[in-house]
Every structure is written in C-alpha cells, then in structure tokens.
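Have a look at the structure below before the remarks.
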Amino acid sequence: MQPQIPEVSPVPAIAPAGPAAEARAAPTAAQMYEAAQAQREVLQDQMESLESRRSVLSSRLSDASVSGTNRSGLEQRIADIDQRIADVDKQIAMSDIQVSRAAAIPGAIVERPPEVRSGPPEEVFVLSGIFMVVVLLPLTIAYARRIWRRSSTIVTNIPKELGERLIRVEQAVESTAVEVERIGEGQRFLTRLFTEGGVRAIAPSSKDAVELRQPQFP
C-alpha cells in the first residue's frame, strides 16, 4: 500500500501594499520645531570644537621655535579651519531661520506641564520653621542660661583659706612696695645732696656739727 499524501491547502496570495501603506506619517509641527532646534545645537557644538582647535593651532604658531615647513603647515591648517568656521556659521544662520519658521507654525511650541512635587507640601516646611522658632529656640536659650549660671557659681565658690592667703599676699606686696619707695626716696635725696656740692652731717649736738664738702678737683 502506498502512503496517502495529505493535501496542502493553497496559501492565499498577499495583496501588494498600496501607496497609502507605504507612505509614512508626516511629521507634526512640534517634531519639526524640535528637529530644527537639535540641528542648531549640533552646529553650535561643531563651531565650538573648530574654535578650540584654531586656538590651539594659533598658540603653537606663536611659538618662536616653529619655523619652515611646520609653520607653513600650521598656517594652512588654520586657513582650512577658518573656512570651515565660515561655512558652519552660515549653516547656523540658516538653522536659525528654520527654527523661527518652525516656531511660527501653530502647535509647534508645546508648553511643558508643571512639575508635580512628590515630597511633602510646602506647608510642612513652614510649620516646622514656626515650631522651631516658637518652641525649640526658648528651650535652647533657657538651657544655655542654666549652664552659664552653673559656671558662674562654680567660679565664685572660692575656699575661705585661699581667699585669706590671697589677702595676705596682697598686703605683703603693698608693704614691700612702700619700703622700696622709701629706699628710692632716700637714694634720690643723697644723690641730690652730692650733686649740689656738699653734705652737712648732723652730730648729737649742734656744737659738733661738721660740714662735709665734696672734694673739687682742678
């Protein structure tokens, strides 16, 4: 017996895609505006890159050690970069015109929705600040005053014996100062007498008074 081959149903033919399916959706005004802005940003980045390269080449060209073919090569590269900068500048001007035209189309500029705060509302921060000023600040001041009072009490509680010793030391210093002042007065008195030319020594009685004079040298 020969095996029976199952019949295969014919595959339906796929209809060719029409022009409506092949056509792509036209860009919206907002998309055209964003594309023009992106093109302008890319051109501005290229301009900055060219200007930085030109500044580097100019600094190398200003070096006195560069001469001959190296200098001519740098000058040629700078001239090429200047030409590219001029071309990019023209493209940026055209891009600005395209951006302005795209912005004139209704619906091109879409306002961004306001950002929604995910954290607590602002009233929480305001109430927290008021609580800190009204409650925590007076408590802090009261605690600080309490610490100051404790420190002043500790400083003023000096032992009685130590106070008496300080008083005695002060009295001894004052008496020493008085004695030193007396000695100084005596020395000044004797010095004045010697400078005047003589000293009168006083004996126990007025009859024995002897006048002492300082010898005078020719």
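The values are calculated or read from the model by the stated rules, or taken from the named source; none is laboratory data. The model shown is predicted, which means the values in this text are computed figures rather than measured ones. Reconstructed Cβ throughout: ideal geometry from the backbone, glycine too, with neighbour counts over all protein chains shown.
Identify the single condition in (1) surrounded by 12 or more Cβ atoms within 10 Å (Cβ to Cβ); (2) more than 27 Å from Pro27 (Cβ to Cβ) that Asp63 does not satisfy, given that it satisfies every other one. It fails just one condition, (1). Flag not set for Ala79, criterion: modelled with pLDDT of 80 or more, within 30 Å of Ile109 (Cβ to Cβ) and out of contact with any Cys (no Cβ under 6 Å at 6 or more places or on another chain). Applying the criterion of being hydroxyl-bearing (Ser, Thr, Tyr) and at pLDDT 85 or above to the residues of the stretch 54-68, the residue that is farthest from Ala86 (Cα to Cα) is Ser59. Between Arg71, Arg84, the distinction of being more than 30 Å from Ala26 (Cβ to Cβ), at pLDDT below 85 and either loosely packed, with under 11 Cβ neighbours inside 10 Å or not polar (S, T, N, Q) (or both) belongs to Arg71 only.
Whether a residue is charged (D, E, K, R) and touching a helix residue (DSSP H, G or I) at 6+ places or on another chain (Cβ under 6 Å) was assessed, and Arg112 does not pass this test.
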